[in-house]
Structures are given as structure tokens and as C-alpha cells.
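Trainee: Encoded as C-alpha cells, here's the structure I'll be asking about.
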Amino acid sequence: MVIAAGAVGGPVAAGAVAAADLGKRVAKAVKFFWETGEEVTRKLEAPPKTEDILKALNLIIAEVEAKARRPLVLIVDGLDRLSPEAGRAFFGESRFLDSLACRVVYTAPMDLYFSLGSGARHNFQIVEFPNVALHERGKRERKTKEGRRFFEEVLAKRWPSHTLEDGVLNLLVEMSGGIIRDFIRLVQEAALVTQEESADQITLAIAQEAIARIRRLYQAPAHAGVIRVLQEVRASTQPPDSPLIPFLLYDNLIVSFIDRQGVWYDAHPILGEL
């Protein structure tokens, strides 16, 4: 998901030097740090001086734009490391986000969108980049060839196809839920099981064992309340009004996709029957 947008330009040399200078001066002007665990700790040396810090940042931005002779766009990445609570604090409470005198692009996971209140959501232009759909909305039996072909190409670049028994690739793709990271994780786990059993290739039985191992990790937080939410998502392809949604998206128990009608959701297939 991308939040906000802008246009980048300007002479390359001047822009690069100015941007490098911006990074150094911002570090001096704004003295805070984030600890990206379950909790995020933010420290400002002098909280009452927020206005002064913003003024300093905006003066730096103005100087960079003057040197580059084009509007500046800041791109903020790595927000997928923030928990839903941290994301809510970062986007819902921070005054820095909508007070900078330039366009800013924040790349963030979908759970962050649901962590925000409706008022905070209106402050940003949202552009969704969901996962690779492996079947049509609400029709698990109608598989998408494009999605599967994509994963075949991903694997072909990293793994010799002759080491997979027939049917293994389709099974691992299906259980990935369209998440590239999960697909790679499943292949790696299957390779580990293959090594443990001193096998010559990844068989269906080995793939099933790898899936079972990853499934146990996914099922660990799935208590009765979570299962009810996941059942509703799987049936309706839309998340219900539940405080659990940001956390289920964060943990990939709910996966997002997009089609011509917009964004839709499904429970991760590795969870099996709910």
C-alpha cells in the first residue's frame, strides 16, 4: 500500500547532493528514534519545540527544492516493521506527517490502513498494491493462470524444476496465499525437510510436511474469536468491523487482493478449513 504521491525531478547532481545534505541535517534537527518491536518508543528532546523542529525541516526542504529547481518528494519505506499500535501512533498522532512542506510517499502494509481512524485516513491518498491473486473473488475453484505463472517464474529463477515432484509446485503456490515471502518460505521449509530425510527431490509428502509446519505457526494465534472473523472474511471477501482486523492483516492471517471491483480479502489458505 502506498500512502500519498508526488513527482520527482530536477538536475541529478544538484538533487543528489541536496538530498544527501537533507538526510544529515534532518538527523540533527529531529532527535528521535524508533524501536520497532511490539512497542515503539519515541523520544523528542524537547516536546514543546515541535513547531521549531517542523520549521527547521521545512526550511531544509525549501533549500533542497531551490537547489534542485523541482518539487521535492520524500519516500518513507520500512513501515511494515511497525506493529498496528505503532502505525496508529505514527500516522494518527504524529504532527510531522501532514506538516512537511513537500509531498511524501509512505509505503506501508494494509494493516496500517485499518489501524487508522476514519479521520486520519482522509489525510492521505491511498494506492493499494495487494498480493498476487490465485483465484477469483469468492470463487476458490476458479484459479487464475496469471498468478500461478508468476510464481512459476519466481521459482524458475531460484530452483531447478527437476527437484520437485509433479504437483508440488501447484500445492506450494496454493498454500502461499499469493504472498511471495510465504511462497519462498514454504519452498525453503520443503527443502529443509528434503535434507532431513536425505531425499533426492521434494515429494508431495515432503511438501505436505513443510506446509504442516508453517500451518502450526499460523494457527497458533487463532483463538475462537479470530476464527469467527476469518470465517466471515472468507465468506464475504470483506473484513468485518472488528478491532482484530489490523492484527490479522499484520500477521497475514487475512490476505488482500485487488480486481476491477476493488480490494477484496480472504483468510490465508494455509489455515485450511475454518
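Trainee: What list do you get for I227, I53, I254 if you sort them by fewest beta carbons within 10 Å?
Mentor: I227, I53, I254
Trainee: What FRET efficiency comes out for the pair A220/V73, r = Cβ-Cβ distance, R0 = 41 Å, nearest 0.05?
Mentor: That gives a FRET efficiency of 0.50.
Trainee: Run the simple label-point estimate for A199 and D80 please: 7 Å along Cα→C-beta, distance reported in nm.
Mentor: 2.8
Trainee: Please turn the phi angles of the stretch 101-111 into ³J(HN,Hα) values with the Karplus equation 6.51 cos²θ - 1.76 cosθ + 1.60 (θ = phi - 60°), one per residue in order, whole Hz, x for glycine and proline.
Mentor: Once θ is set to phi - 60°, the couplings for the stretch 101-111 become 8, 7, 6, 10, 10, 10, 9, 8, x, 4, 4 Hz.
Trainee: Could you please rank H268, H162, placing first whichever residue has the fewest other Cβ atoms within 10 Å of its Cβ?
Mentor: H162, H268
Trainee: How high is the relative contact order of the stretch 179-274, given as a whole-number percent (alpha carbon pairs under 8 Å, six or more residues apart)?
Mentor: Here the relative contact order equals 22 percent.
Trainee: Report, largest value first, the span of the C-alpha coordinates of the stretch 148-274 along each principal axis, in whole Å.
Mentor: Here the Cα extents, ordered largest to smallest, are 48, 33, 20 Å.
Trainee: Please list, ordered by chain and number, the residues whose modelled amide H lies under 5 Å from the amide H of H268; skip anything fewer than 5 residues away on the same chain.
Mentor: Result for H268 returns I254, V255.
Trainee: For M110, M175, which order do you get if you count the other beta carbons within 10 Å of each Cβ and list the fewest first?
Mentor: Lowest count first: M175, M110.
Trainee: For a bin width of 5 Å, list the pair-distance distribution of the stretch 174-249 built from all Cα-Cα distances, rounded to whole %.
Mentor: Histogram of Cα-Cα distances, whole percents per bin: 3, 14, 20, 19, 16, 12, 8, 6, 2, 0.
Each reported figure results from applying straightforward, stated rules to the coordinates on display, with no laboratory input. Note that this is a predicted model, so its numbers are computed, not measured. Cβ: placed from backbone, ideal geometry, glycine included. Neighbour counts: every protein chain shown.
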